[in-house]
Amino acid sequence: MSQHYYSQQPEARHDRRSIETVLRGRSLRFVSDAGVFSKGDIDHGSRVLIEAMEIPDGAEVLDVGCGYGPIGISAALLAPKGHVTMIDINSRAVELAQENARHNGVSNVTVMESDKLSALAGRKYDVVLTNPPIRAGKSVVHEIFEQACDHLKEGGSLWIVIQKKQGAPSAVAKLESLFPVVEEVGKDKGYRIIRAQK
């Protein structure tokens, strides 16, 4: 099987690069590398999610498939009294996310390696965020939705970004089978932001 970002140990040769960007009005710098999702720049879907997501201060937040960290780090900055747990199956992405949190002066995060949500037994969150790993396949994405539902507190919300052409209708149908409230709260250039509330 060819290597891609949904691999635990990417074998791609290192190609570290620095990304300077503005997210939610803050200037941030991220280090990226080969073998992780959207290594060249923060992908448009993640940007759309970051601009749309609502993070109450004090919230316990989970970022599933954090990559090198733009979504989770942005969430941590929006909720300085809260805490963000960032997980990814990709060990290189986890190391980068830890480094990027330090670079950007963000201390209210924990970054850990986890295959989907397997490392989080018994933990509950107010908000779960994900730009799901579409290339891993529909069954993996739908399993992330199921596990996210299990790890949300009552009244908590799951925020996802997904392109219509990459399975937004089936994703919404899956979410509607799990959550009492599912709504589209934003869209831009084919990307849909879906919020599911428990």
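No value in this document is a laboratory result; all are computed from the given coordinates. Small disclaimer: the values here were computed from a predicted structure and weren't measured. Neighbour counts run over all protein chains shown; Cβ positions are idealised from the backbone, glycine included.
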- Of [x] 95, 42, 29; [y] 50, 40, 30; [z] 43, 42, 36, which one was derived for Cα extents along the principal axes in Å from the structure shown? [z]
- Query: So how far, in whole Å, is the C-alpha centre of segment 158-198 from the one of segment 33-56?
  - Reply: 16 Å
- Length released on extending from Arg102 to Arg13, taking residue separation times 0.36 nm less the Cα-Cα span: 29.7 nm
- Message: Rounded to the nearest 5, what % of DSSP beta bridges with both residues in the chain are antiparallel?
- Response: 50 percent
- Out of Leu78, Ile42, Leu175, whose Cα points farthest toward the positive end of the dipole of the chain (charges: +1 Lys, Arg; -1 Asp, Glu; placed on Cβ)? Ile42
- Note on the structure: Subtracting the Cα-Cα distance of Ala173 and Ala52 from 0.36 nm times their residue separation yields 41.4 nm
- Message: What FRET efficiency comes out for Glu143 versus Lys189 if R0 is 25 angstrom and r is the Cβ-Cβ distance? Round to the nearest 0.05.
- Response: 0.35
- Sum of -39500 (n - 2.57) over DSSP H runs of 4+, divided by residues of the chain (222 nm, nearest 500): -8500 deg cm²/dmol
- Query: If Lys and Arg each add +1 and Asp and Glu each add -1, what is the summed charge of the other residues whose beta carbon sits under 15 Å from the beta carbon of Lys138?
  - Reply: +3
- What ranking do 163-170, 109-116 get when scored by the average of other Cβ atoms within 10 Å per residue, highest first? 109-116, 163-170
- Query: Points 7 angstrom from Cα along the Cβ direction at Lys153 and Ser118: gap in nanometres?
  - Reply: 2.8 nm
- Item | Size of charge dipole - segment 86-198 - debye, nearest 20, with Cβ of Lys, Arg +1 and Asp, Glu -1, no other charges | 340 debye
